Amino acid sequence: MRIQKTLLAFVAVAAMPLGQSAFGTVTVSVDMDTVTAGVQDTRIVAPGDAFSVDLLIDIDAGGLSGYSVSADIDSVELTVGTATEHAPAPYFNVTGGVASTVATRVSEFEGATFTIPAPSSTTIKIGTIDFTVPLGGAIDDGLADVTPGLISVNDLLLDNNGLDVVGPVFNPGYVVPIPEPGTLALLAFGSGIPWLRRTRRGA
């Protein structure tokens, strides 16, 4: 697998424009609801739900010539299904698929480009992960459930000059259980109290 990392770095250096700044920053986010516009970091789920999440990279003006990003999974709350890489043009995938998929981690969504300069000031989708919620349901523990990062040994983010991106940001995703019927009833009752007070005052 070290050959893979070396190849990504070689591609990045080959695409390096002379004299361009080497200091880029990217943000890697998990979109927990691919139907709703924008990046949604939280999804309300019920036991047995099946859904997909996207991994997105927001590239700044420093550009991005190569990437490999993994995601840790809370296997208590989510069961991993299929993981699909997306290498949007002008990126290409080095190995043809994620390195591995286990209960607690999907390893190495990756891409590289020979384009000079590398893409900048744009957002790309690098992967999709399918999940199901166990029949035991989700737990509202406040902890991240899908956490992207430079986790595997080959993970990296390279700017236009083939150097490590400075200060990348990683935004995780969360699942929260759909409220129980009793909780919904309490919420509905609570929201009706001000109306009752206004009605009585009006009388």
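Please go through the stretch 24-53 and give me each residue that is within 17 Å of Thr147 (Cα to Cα) and surrounded by 20 or more Cβ atoms within 10 Å (Cβ to Cβ), ordered by number.
Of everything in the stretch 24-53, those that are within 17 Å of Thr147 (Cα to Cα) and surrounded by 20 or more Cβ atoms within 10 Å (Cβ to Cβ) turn out to be Val26, Val28, Ser29, Val30, Asp31, Met32, Arg43, Val53.
For Gly149, state whether it is surrounded by 22 or more Cβ atoms within 10 Å (Cβ to Cβ), out of contact with any Lys or Arg (no Cβ under 6 Å at 6 or more places or on another chain) and closer than 14 Å to Val28 by Cα.
No: the conditions fail for Gly149.
For Val106, state whether it is at pLDDT 95 or above, under 30 Å from Pro179 (Cα atoms) and surrounded by 22 or more Cβ atoms within 10 Å (Cβ to Cβ).
Yes; evaluated as a whole, the condition is true for this residue.
Might you check whether a residue that is loosely packed, with under 11 Cβ neighbours inside 10 Å and either at pLDDT 50 or above or hydroxyl-bearing (Ser, Thr, Tyr) (or both) occurs anywhere in the stretch 153-166?
no
Output the strands (runs of 3 or more DSSP E) that fall wholly within the stretch 62-175 and possess 1 or more residues being of a type in the set (Phe, Trp, Tyr) and on the phi > 0 side of the Ramachandran plot, or say none.
none
Kindly indicate the residue of the stretch 56-99 that is of a type in the set (D, E, K, R) and in contact with a Pro (Cβ under 9 Å, 6 or more places away or on another chain) and also surrounded by the fewest Cβ atoms within 10 Å (Cβ to Cβ) among those meeting that condition.
Asp72
For Ala50, only one of the following conditions fails: (1) within 22 Å of Pro168 (Cβ to Cβ); (2) in contact with a Ser or Thr (Cβ under 6 Å, 6 or more places away or on another chain); (3) at pLDDT 95 or above. What is its number?
(1)
Can you run down the residue pairs with Cβ atoms below 9 Å, 6 or more apart or on separate chains, where the first is in the stretch 87-105 and under 23 Å from Leu64 (Cβ atoms) and free of Cβ contacts under 8 Å to residues at least 24 places away in the same chain and the partner is part of a loop (DSSP other than H, G, I, E, B) and of a type outside the set (Lys, Arg)?
Once the first residue is under 23 Å from Leu64 (Cβ atoms) and free of Cβ contacts under 8 Å to residues at least 24 places away in the same chain and sits in the stretch 87-105, its partners that are part of a loop (DSSP other than H, G, I, E, B) and of a type outside the set (Lys, Arg) give Ala89/Thr113; Ala89/Thr115; Phe92/Thr113; Phe92/Phe114; Asn93/His86; Asn93/Ala87.
Select from the stretch 121-137 the residues that are under 19 Å from the mean Cα position of the chain (by Cα) and not acidic (Asp, Glu) and list them in ascending order.
Ser121, Thr122, Thr123, Ile124, Lys125, Ile126, Gly127, Thr128, Ile129, Phe131, Thr132, Val133
Listed here are the residues, each with its yes/no results for (1) in a strand (DSSP E or B); (2) under 20 Å from Ala99 (Cβ atoms); (3) among the acidic types (Asp, Glu); (4) modelled with pLDDT of 95 or more.
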residue: Thr6; (1), (2), (3), (4): no, yes, no, no
residue: Met16; (1), (2), (3), (4): no, no, no, no
residue: Val30; (1), (2), (3), (4): yes, yes, no, yes
residue: Gly38; (1), (2), (3), (4): no, no, no, no
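Within the stretch 40-61, which residues are part of a loop (DSSP other than H, G, I, E, B) and of a type outside the set (Gly, Ala, Ser)?
Those that are part of a loop (DSSP other than H, G, I, E, B) and of a type outside the set (Gly, Ala, Ser): Gln40, Asp41, Pro47, Asp49, Asp60.
The values are calculated or read from the model by the stated rules, or taken from the named source; none is laboratory data. Just so it is clear, the structure is predicted and the values come from calculations on it, not from any experiment. Note that each Cβ is placed from the backbone with ideal geometry, even for glycine, and that neighbours are counted across all protein chains shown.
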